[in-house]
Structure formats: structure tokens, C-alpha cells
Amino acid sequence: MRQFLRELKRSMAEDRLQLLTAGFILLMLAVFPLVTGNRGYANITAVKHGFLLVCALGYFILLAVVLLGKIRRREMRFTLSGIWRKLSLTQKLLLLYGLICITSAIFSPYSQLVWSGGGRYEGLATTLVYIGIFMTVSSFGRFKPAHLYALLVPVLVNGVIALIQLAGGNPFWLYPPGYNYYDGNTAYSGEFLGTIGNSGLFSAFFCLAVPAFVVYFIHNNKNKKTYLFVAAALLSVYVMLSSKVAAGLVGLTAGVLVITPVLLRTKKARLIFGAIMLILLIICLLMLLDYNGPEAGLVYESSAILHGEAEDSFGSGRVLIWRETLDLIGERPLLGGGPDTLGRRLDLTFTNGSGGNIRETRVDNAHNDYLNIAANIGVPGLLVYLAALISCAIGWLRRYRDTAVLVCGAAVLCYSIQIVFSFSLCITAPLFWIFWGLLDSALAKKSRMTPGGTPGSKIKNAGNRAGILLRISLYIGISRVRGDDDRCDDIDDDTRKRYGKNG
């Protein structure tokens, strides 16, 4: 709490644009994940979507008021060409992505659905809000430890609630009366955990938080308060293992494999880690190729895929969904069907339950967000989106020693991997776009204009100082050889004056 208040007090002295952005980020990280409404899981998506819109639009309006005030007082000057030059590559790509989304909506055959979406609130309006969050956070946001301390609260709360639910309880009456977690997909459709809702999205939430917590702890393990992050990460992983959500576990595992070499400080350590992982991979492949166990479960499905025998039922039906989605992408490859219209185009239903509790669930997304984008927005839109992610990934690898870059990049990486088997929804997606914006902000930090100088002024001054110090050293060395101490003193005084002038 002290850390939070200290960071808030420090923010009060900063620019109002940064202060507004810091307040919005803290609100979204600390409060948004805990919002459920008074009907529990029955309308949790609508409640969170409404909360998102109120917070985001309120933030955008206040930001616009402050910007207009600065322009009126001539504290800021804007030209379209000047703004475009200052944008990062990722910002430019996402603006292009937004333009493609708008074009897709205009030419969609489902014009009545594209604005609000086909039931998941992921239409054009929400997509533009996501892009707006990224643009403003990356422009005016700065990563601070307070962001992680704010996120720590909902992570711990969700971990404890999930433990009670996995034990058969119904805290805060989130399930319908008389039901619990184990009635999922029998008495009611879906599986739900914590204050997030869908168990897959619950896992995605932890895929954002856990890598950020662990990486920040590694960089700040001398501070005893950071051990709270370790406790939260361990609780989160335990809950994920207990709920058996494969997408989240895959995201965390793959994230660890990518992030660990980055954290290792020497080339030798990286080579050793790579060799160990290669050996383990070969062993796993050999075991899967020679698998003779029960014909069910993840291990069996992996073995069958290696033998080229993928069935539609694999991955809880994901293989079938992906095949159908690929066919739809081929029908409208350039602009897709329009934002959040895949559910209207897919003709797939799954049945679950037994006896008198058989329920049918209609498939309304690809369960792979990248295929979802290609089907809804078109292949060019997907390529632009991937290019934006890759541009940040390259920057992350180049600047991985910066704590802010590494923390935000780790969160974005694990979320981006798990969503290969999941989907974007307003319950967790805003948090991803916030972390992505903070990552882009951290990557652009050194190229921003600094007070009293140009973006390259620090480098230029450092070069001047280095050159002067080199000349001082040379003159001292030459003078000692010649024994001319007076000459050395005269030169030292002169260079000291020049050093002060340049410093």
C-alpha cells in the first residue's frame, strides 16, 4: 500500500496526461478484474463490457480536454505530419489495423452486427476502444511498480475464490443457487472460475500476471515486498493446474522456454539451457511416437497428430472448428465477414452433458484468436496485427535488460501464446492492450524528447564528455613522460572549463 501511495503521489507532480493515464491503468488493473455485477456469471460479460466502456470513454474525454487546454495555452503544437513522425512503428501498424477493421465493417454483409458484435461485444466499437487504449497508454503511460501492486490484489482475490470453488463452494453466489464449478457443461454451459468468468479467460488473466510478477521479482529480489509476487504466482499456477485449462498452461510453459534464455546473463548459460531443452524435446518426441496408452487425453492426441492422424474431436473439438474457420477464410480472404461476425457464419454446435441434462452450445469463435482475426477482418488485417506484435518482440529482445521492457514483454508474450487456443473477449483483452501499450512506451522511452534537449542530446553530451576525458588522460600521460607538470596543469584547467561548458 505504501508503494502504491508513493507512486500515486509522485504521479501527481507529473504531467496531467501521464497522471490521467496512470489513474486509468491503476483502475483497470486493480478494479476491473473484480467487477461482476449482482447476477454473478449470468451476465458477467455485459457488466464488464459496460465498465470498460465507461472507464475508457471517460478517460478519452478527459484526455482530450487536457490536450485541448495545452494546445490553447500553446504548450503543445500539433501537425498531422509531426504526429505521424513521432509515432512508433507498432503505433503506425495498429492505426493501419484499425483502418482495415473499419473497411471490413463497411463492406461486411452483416452490417447489423459489425458495430456491437455478434453476441460477444467484440465488434468494431470495442476493437476501436482497444486500439485507443493502446495508443494513449503507449503515448502517455509509463510502467511503474505500482501497476503490479495494483494487479496483485485481483490476482490474490481470484486465486482464493477459485480455491473455494474448486473445493465445491459458491462464494459471493457467482454460480446459480444450488450449483458449483463441477456442474459446468452439465447443468449449465461452460466452466467458470473467480471474478473473471470463463475458465479459459481466467487462465488468460493469469498468463498476463504470472510472467510479469516473476520477472519483476527476479530483477528486484532484494526487496522483501516482491516476495508477495512469488506467492501470487505460485497460487495462480496451482489453481491453473487444478482447473486443467490447457491453453493457459501451454502459454506459461512456452513463455518460460522463451523468457529463461533472455534472463540468463552469459552465452554459455544460454547454450547449456538450449542443449537441455533440445534433449528433453527429442525424448518427448520419441515417447510420443512410441505411445501405446489410452486413446484419450492430451498425450494421445499429440501422439496421433505426430503420426498425421488428427481427428476433428481433438482439442475439445478445436481441430474441427479450425478446419471450418479456414474454409470461411477462403471465402472472404481480403476483408473477412466483418468484426465479430464469425458466429453468424459458422454452423457448428456441440452437445455436452448426459441423461436429461444434454445441452447444445453454438460455436461463435474460432478458439484461436489469429484465425478469428483472419475470418472476421481478413488475411491482410491479420498480417498487419502480427507485424505489430513482431515489431515489439524484436524491440523486446534488443532491450531485454530494461526491467519495464522485460516485465511487460513477458506478459504480452505468454498471453499471445495462450490465445492460439483461446479467444479475445472484453473480460481480459483490455488488460492485454494495456500491457502492450506499456511495452511500446518502454521501448520508445529513450527516443523521446527530453527536457532541454533533443532525443539524441544525451548521447551527444556523453560522447563529448568521453572525448574530453580521453584527451585529459592522453595529456596527463604525455606530460608525465616529459616531466612537464606545469603544462599538464594548464591543459587540465582548460579542459575542465570546456567539460563544464559541455556538461
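The values are calculated or read from the model by the stated rules, or taken from the named source; none is laboratory data. Note that this is a predicted model, so its numbers are computed, not measured. Cβ atoms come from the backbone with ideal geometry, glycine included; neighbour counts cover every protein chain shown. Please note that ligands, DNA and RNA were not included when accessible areas were found on the heavy atoms of the full protein model with its side chains. Shrake-Rupley method; radii C 1.70, N 1.55, O 1.52, S 1.80 Å.
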Study note, to complete from the structure: Of (1) hydrophobic (A, V, I, L, M, F, W, C); (2) in contact (Cβ under 8 Å) with a residue 60 or more places away in the chain; (3) under 28 Å from VAL405 (Cα atoms); (4) open to solvent by less than 30 Å² (accessible area, probe 1.4 Å), LEU113 satisfies every one except (3)
Check your understanding: Given LEU94, LEU68, which one is within 16 Å of PHE140 (Cα to Cα) and either part of a helix (DSSP H, G or I) or within 27 Å of the chain's Cα centre (by Cα) (or both)?
Key -> LEU68
Exercise for review: Scan the stretch 118-146 residue by residue and report those that are in a loop (DSSP other than H, G, I, E, B) and open to solvent by 10 Å² or more (accessible area, probe 1.4 Å).
Suggested key: GLY118, GLY119, ARG120, TYR121, GLU122, ARG142, PHE143, LYS144
Revision key, fill the gap. Out of (1) of a type outside the set (A, V, I, L, M); (2) open to solvent by less than 40 Å² (accessible area, probe 1.4 Å); (3) outside any helix (DSSP H, G or I), the one PHE213 does not meet is (3)
Study note, to complete from the structure: Condition set free of Cβ contacts under 8 Å to residues at least 40 places away in the same chain and of a type in the set (Ser, Thr, Tyr), scope the stretch 147-193, selection least open to solvent (accessible area, probe 1.4 Å): answer is TYR181
Review point. Is it fair to say VAL230 is within 19 Å of the chain's Cα centre (by Cα) and among the β-branched types (Val, Ile, Thr)?
Key: no
Exercise for review: Assess whether LEU151 counts as being at pLDDT 95 or above, within 18 Å of the chain's Cα centre (by Cα) and either under 18 Å from LEU241 (Cα atoms) or not small (Gly, Ala, Ser) (or both).
Suggested key: yes
Review point. Is there a residue in the stretch 35-46 that is crowded, with 16+ Cβ neighbours inside 10 Å and closer than 18 Å to VAL137 by Cα?
Key: no
Study note, to complete from the structure: Condition set open to solvent by 100 Å² or more (accessible area, probe 1.4 Å) and of a type in the set (Lys, Arg), scope the stretch 266-295, selection nearest to TYR400 (Cα to Cα): answer is LYS267
Exercise for review: Considering every residue within the stretch 220-236, establish whether at least one is over 23 Å from HIS367 (Cα atoms), open to solvent by 60 Å² or more (accessible area, probe 1.4 Å) and in contact (Cβ under 8 Å) with a residue 24 or more places away in the chain.
Suggested key: yes
Check your understanding: If you check VAL258, VAL239, which single one turns out to be under 30 Å from GLY194 (Cβ atoms) and surrounded by fewer than 20 Cβ atoms within 10 Å (Cβ to Cβ)?
Key -> VAL258
Check your understanding: When TYR179 is evaluated against the numbered criteria (1) over 26 Å from VAL258 (Cα atoms); (2) under 23 Å from the mean Cα position of the chain (by Cα), which criterion, by number, is the only one it fails?
Key -> (2)
Review point. So which residues in the stretch 239-269 are among the hydroxyl-bearing types (Ser, Thr, Tyr), part of a helix (DSSP H, G or I) and without any contact (Cβ under 8 Å) to a residue 60 or more places away in the chain?
Key: THR253, THR260
Exercise for review: Go through (1) surrounded by 17 or more Cβ atoms within 10 Å (Cβ to Cβ); (2) assigned to a helix (DSSP H, G or I) and name the single condition VAL299 misses.
Suggested key: (1)
Review point. Which of the following residues is open to solvent by 50 Å² or more (accessible area, probe 1.4 Å), assigned to a helix (DSSP H, G or I), of a type in the set (A, V, I, L, M, F, W, C) and under 24 Å from GLY117 (Cα atoms): LEU326, LEU334?
Key: LEU326
**Study point:** Answer residue from the stretch 242-255, given it is of a type in the set (Ser, Thr, Tyr) and surrounded by fewer than 19 Cβ atoms within 10 Å (Cβ to Cβ) and is modelled with the highest pLDDT among those
**Key:** SER242
Review point. Before we move on, is PHE140 in contact (Cβ under 8 Å) with a residue 12 or more places away in the chain, aromatic (Phe, Trp, Tyr) and closer than 17 Å to ALA410 by Cα?
Key: no
